[in-house]
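Before any comments, here is the structure.
We did not get these values from a lab; they are worked out from the coordinates using the rules stated. Model, not experiment: these values are computed from the prediction. Here Cβ is always computed from backbone atoms with ideal geometry, including for glycine, and neighbour counts include all displayed protein chains.
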There are 2 protein chains.
Amino acid sequence: MEETVMNIPEVVLDIANRARTASYNLVQLKPQIKNQALLAVADALIAATSSILEKNKIDTEKAKQRGISDALLDRLTLTPKRIDLMATSLREVAALPDPVGEVYDMKTRPNGLKVGRMRVPFGVIGFIYESRPNVTSDAGALCIKSGNAVILRGGSEAFNSNRIIAQIMDDAFSQNGLPKNCVQLIPTTNREAVYELLKLDKYVNLIIPRGGRSLIEMVMENSRIPVIKHYDGICHVFVDADADLDMAAEIVVNSKCQRTGVCNAMETLLIHKDVAGQFAPKVAEVFRSKGVTVYANKTFKPYMPEAIDATEKNFRTEYLAMKCNCAIVDSIEDAIAHINKYGSHHTDSIVTTNYNASMKFVTEVDSACCHVNCSTRFSDGGEYGMGCEIGISTDKLHARGPMGLTELTTSKFVVLGNGQVRG
Amino acid sequence: MEETVMNIPEVVLDIANRARTASYNLVQLKPQIKNQALLAVADALIAATSSILEKNKIDTEKAKQRGISDALLDRLTLTPKRIDLMATSLREVAALPDPVGEVYDMKTRPNGLKVGRMRVPFGVIGFIYESRPNVTSDAGALCIKSGNAVILRGGSEAFNSNRIIAQIMDDAFSQNGLPKNCVQLIPTTNREAVYELLKLDKYVNLIIPRGGRSLIEMVMENSRIPVIKHYDGICHVFVDADADLDMAAEIVVNSKCQRTGVCNAMETLLIHKDVAGQFAPKVAEVFRSKGVTVYANKTFKPYMPEAIDATEKNFRTEYLAMKCNCAIVDSIEDAIAHINKYGSHHTDSIVTTNYNASMKFVTEVDSACCHVNCSTRFSDGGEYGMGCEIGISTDKLHARGPMGLTELTTSKFVVLGNGQVRG
């Protein structure tokens, strides 16, 4: 991709250094300056549509030569409409409330000290991703709005598209009152650059990897910087003994079929044995009619003889397709144990009319998002009312579940006194 | 210390496995069960006073043979009174509100979904420390109250004391309704055990290192598990041009002298040049009278000719003693730049009557605790009204500043519906 010889450690260190400097200036900016700059980037992206499409064509041609699947090619391809949507996202981020500087939980101590917390940016965020080119502008917008400089490292397949988008953003930002270098893309697809970046804990405050499991594991192995992981979604729906079965059917179909290629789609359906006789034939019928390939455990199989026998591996697979594991379990305890063992701690739903079952499920299922009587598909920053998201954390530290603007900030204690000393 | 041959990887894995199992049971316990168990541990520690003192004597004798300083020996030594204080801490933790299960920020979405967050334990916490033996019982109590199983790894100098305290805790816990193995101490002082522990990211959710810089850096280098660092405190007081100088003098003396061997004591005093003529002689006089050794920058030196010339290294040193750097700076900008460059992002105070200066300081100083017109010595979980603390995080991820019970929990999204599916 990059034909020139590059001193990668030096290049990455320079980028990190410049990001650090930019971050010190970003923290002091008024919300309206950041918002105006975000709107300017939206306009600049639209104005540059033809140049972006030209660069995107280089990426898609290369991808075709390598013979990638139509689905992946579609994700990679930009169109004027998709560039419009990128601009719309930027305008939406501009319209969100600014999280920086908010003081909360302030309480007065007996000695008169006022102790509270203030939301502040992390500083520099490293975002390592393997997604569609629009993620470049989304991530850039969220990081800047939350007061952070960002270093982007996109997938090699979208290198040329990402590079021009990042360049347009940084130019428009710096022409509109933001510091230069608040958005930078690593200018090489060489993996050495990632290893170098992950060493720079004196410059970079947080690494967010978003992509396949091998990418995230590579980041975990090598990072000296705190990481918030975004693993895949192996999501479950559990239909309890006391479920409203009509509701359950709607939720199951929606969770599996409404959109399959996303992390919050259902991959495994668990049915309580007490309702299996009624509910399993219903599921077999609807999945048959929708063309869902079913992987069944032993007790579900009789209800759908054409189903494939499910293996351990099936229960650990994120299909992102019209495929689903179906299993009958003996109890809610078994359902919870299955979810905690085979799931990815992302999103899981119970369908039940039983109060105790609902409380047990949300307490004991060890997942970022525990849903009662609704589709798994709702686990999303927008649907949760957070405005938008940089991803869905499957980690427990700092941010768990959809990560919006607030989750891109940290806090500091602010203590206001009038001369207090400690006795 | 341990004379028997031990398969360390196997021993550590067993401990982690048992902690994991204990953590699943802990999450389901009622607050009153945990509180009764904490009170039982308090009683058990007092009942075992003579056995604890016996084991502590082994540690102190060894330490004397190795010729450690009187100050360190004092920290290591237990007495009946100190064991009483450990029991008192346990009773205080029992009396605190239980953070587990609290649902907060619940909002109703337009489609009727109720989206909120629930506080839940991390699971298993690894606590690696180099402190007094009482930290063993404090940390154990905080982790268990917050619903986490804990794996303790104390300093080798306190090995025998820590071992008996951890054993008494785990026994009393398991005899009072808690699962076995919710408190475990690694039964060897071999450092290999720490390396093994830091690999077990499938079992341990969080590592908290608390101790010297080299310990923490070793943990950072080797951990595959998220870490919340507790670095040292290089704390500053900045006396602004608009300070009330009598108040400033009291705050400076309190921050430096009230207790020196603690992380929230002041190590560097910065004085705005506009008040140096009035304030520096005052400081020289009071530090002289208190016996504080002063390291001065060039412009402070004339006010205290006997002061030692400060080097770069002085400004990066945590003295924990009656020693202080004193420097005159040209502006609040210079003061902030100095703090961000040389400080440890722990606690810094400004003394000022100027509104803009106070706001600028709390916004731009990149520290966990930013104080206005009060002593640095207040940065403490108890003083902040958090009840008690496991330490003071100098990290930005998840917990920053004093870490209490709440900071030992994570959250999950809880979404309550009545049949919603996504359109």
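Need one value for B:113-120: mean number of C-beta atoms belonging to other chains within 10 Å of its residues' C-beta atoms.
Shielding by partners across B:113-120 averages 4.
May I ask you to evaluate 6.51 cos²θ - 1.76 cosθ + 1.60, the Karplus curve with θ = phi - 60°, for each residue of the range B:330-343 and list the ³J(HN,Hα) values in order in whole Hz, giving x for glycine and proline?
Per-residue couplings from phi come out as 7, 6, 5, 4, 5, 4, 5, 4, 4, 4, 5, 7, 9, x Hz.
Taking N as the number of residues in the range B:235-383, what value does Rg over Cα atoms divided by 2.2 N^0.38 Å take?
Here the Cα radius of gyration is 0.91 times the empirical estimate.
On full extension of the chain, what length is gained from B:Ala241 through B:Ala321, given 0.36 nm per residue of separation minus the C-alpha to C-alpha distance?
Between B:Ala241 and B:Ala321, full extension yields an extra 26.0 nm.
Calculate how many DSSP beta bridges within the protein assembly as shown are antiparallel, expressed in % of all such bridges and rounded to the nearest 5.
Rounded to the nearest five, the antiparallel share is 25 percent.
How shielded is A:21-29 by partner chains, expressed as the average number of their Cβ atoms within 10 Å of its Cβ atoms?
1
Suppose the chain between A:Asn418 and A:Val262 were pulled fully straight at 0.36 nm per residue; how much longer would it get relative to their current alpha carbon spacing?
Using 0.36 nm per residue and subtracting the Cα-Cα distance, I get 50.8 nm.
Identify, among B:Asn254, B:Leu320, B:Ile336, the residue whose Cα sits farthest towards the positive end of the charge dipole of the range B:242-349, taking +1 on the Cβ of Lys and Arg and -1 on the Cβ of Asp and Glu, with the dipole about the Cα centre.
Going by the charge dipole, the pick is B:Leu320.
Counting each DSSP H run of 4 or more residues in chain A as -39500 (n - 2.57), what helix-only mean residue ellipticity at 222 nm follows after dividing by all residues, to the nearest 500 deg cm²/dmol?
About -13500 deg cm²/dmol.
With chain A treated as a Gaussian network of Cα nodes joined by springs under 10 Å, which of A:Asn190, A:Asn111, A:Asn264 yields the largest mean-square fluctuation?
Largest GNM mean-square fluctuation: A:Asn111.
Using a label point 7 Å beyond Cα on the Cα-Cβ vector, give me the inter-copy distances for A:Pro302 in nanometres, one decimal, shortest first.
Label-point distances to the other copies, shortest first: 9.8 nm.
For chain B, list log₁₀ I(q)/I(0) at each q in 0.08, 0.11 Å⁻¹, using the Debye formula over Cα point scatterers of equal strength and ignoring solvent, two decimals each.
-0.52, -0.90
With +1 on the Cβ of every Lys and Arg and -1 on the Cβ of every Asp and Glu, and nothing else charged, how large is the dipole of the range A:309-423 about its Cα centre, in debye rounded to the nearest 20?
460
If you average the sequence gap of Cα pairs under 8 Å that are 6 or more apart and divide by the length of chain B, what percent do you get for the contact order?
Once normalised by length, the contact order is 18 percent.
Order of B:Tyr195, B:Tyr129 from fewest to most other C-beta atoms within 10 Å?
Ordered from fewest to most neighbouring Cβ atoms within 10 Å, B:Tyr195, B:Tyr129 come out as B:Tyr195, B:Tyr129.
State the residue of chain B whose Cβ is nearest the axis carrying B onto A, and the distance in whole angstrom.
B:His398, 2
Taking every Cα atom in the range B:114-261, find the radius of gyration and the maximum pairwise distance Dmax, and write them in Å.
For the range B:114-261, the Cα radius of gyration and maximum Cα-Cα distance read 19.4, 61 Å.
Could you tell me which of rounded, prolate or oblate describes the range B:186-247, using a ≥ b ≥ c as the square roots of the eigenvalues of the alpha-carbon gyration tensor, with rounded for a/c under 1.5 and, failing that, prolate when a/b is larger than b/c and oblate otherwise?
Judged from the Cα gyration tensor, the range B:186-247 comes out prolate (a/c at least 1.5, a/b above b/c).
Cα-Cα over 27 Å: which of A:Lys145/B:Lys396; B:Lys273/B:Lys313; A:Lys180/B:Lys412; B:Lys256/B:Lys341; A:Lys396/B:Lys114; A:Lys114/A:Lys202?
Listed pairs above 27 Å: A:Lys180/B:Lys412; A:Lys114/A:Lys202.
Residue by residue through the range B:376-387, which ³J(HN,Hα) values in whole Hz follow from phi under the Karplus form 6.51 cos²θ - 1.76 cosθ + 1.60 (θ = phi - 60°), with glycine and proline marked x?
Values per residue, Gly and Pro as x: 5, 5, 7, 6, 6, x, x, 5, 7, x, 9, x Hz.
Taking every residue in B:76-82, how many Cβ atoms of other protein chains lie within 10 Å of its Cβ, on average?
Mean number of neighbouring Cβ atoms from other chains: 0.
Compute the label-point distances linking B:Gly291 to its equivalents in the other copies; points lie 7 Å from Cα along Cα→Cβ; give nm, one decimal, shortest first.
Inter-copy label distances (nm, one decimal, shortest first): 8.7.
May I ask you to list the trypsin sites (Lys or Arg not before Pro) in the range B:283-350 that are in a DSSP loop and have at most 12 other Cβ atoms within 10 Å of their Cβ?
B:Lys298
How far is A:Ser51 from the same spot in each other copy, in nm, shortest first, if each label point sits 7 Å from Cα toward Cβ?
Output for A:Ser51: 7.6 nm, nearest copy listed first.
For the range B:305-351, which GluC sites (Glu not before Pro) pass both filters: DSSP loop (anything but H, G, I, E, B) and at most 14 other C-beta atoms within 10 Å?
Passing both the DSSP loop test and the Cβ count: B:Glu306.
Can you tell me the relative contact order of the range B:235-383? Whole percent, Cα pairs under 8 Å, sequence separation 6 or more.
It rounds to 33 percent for the range B:235-383.
How many angstrom lie between the Cα centre of the range B:38-86 and the Cα centre of the range B:343-358?
Each part reduced to its Cα centre gives a spacing of 39 Å.
Provide Rg over Rh for the protein assembly as shown; use the alpha carbon set for both Rg and the Kirkwood Rh (inverse mean inverse pair distance).
The Rg/Rh ratio comes out at 0.99.
Using the Cα centre of the range B:125-207 as the reference point, and only Cβ charges (+1 on K/R, -1 on D/E), how large is the resulting charge dipole? Debye, rounded to the nearest 20.
The dipole of the range B:125-207 has a size of about 120 debye.
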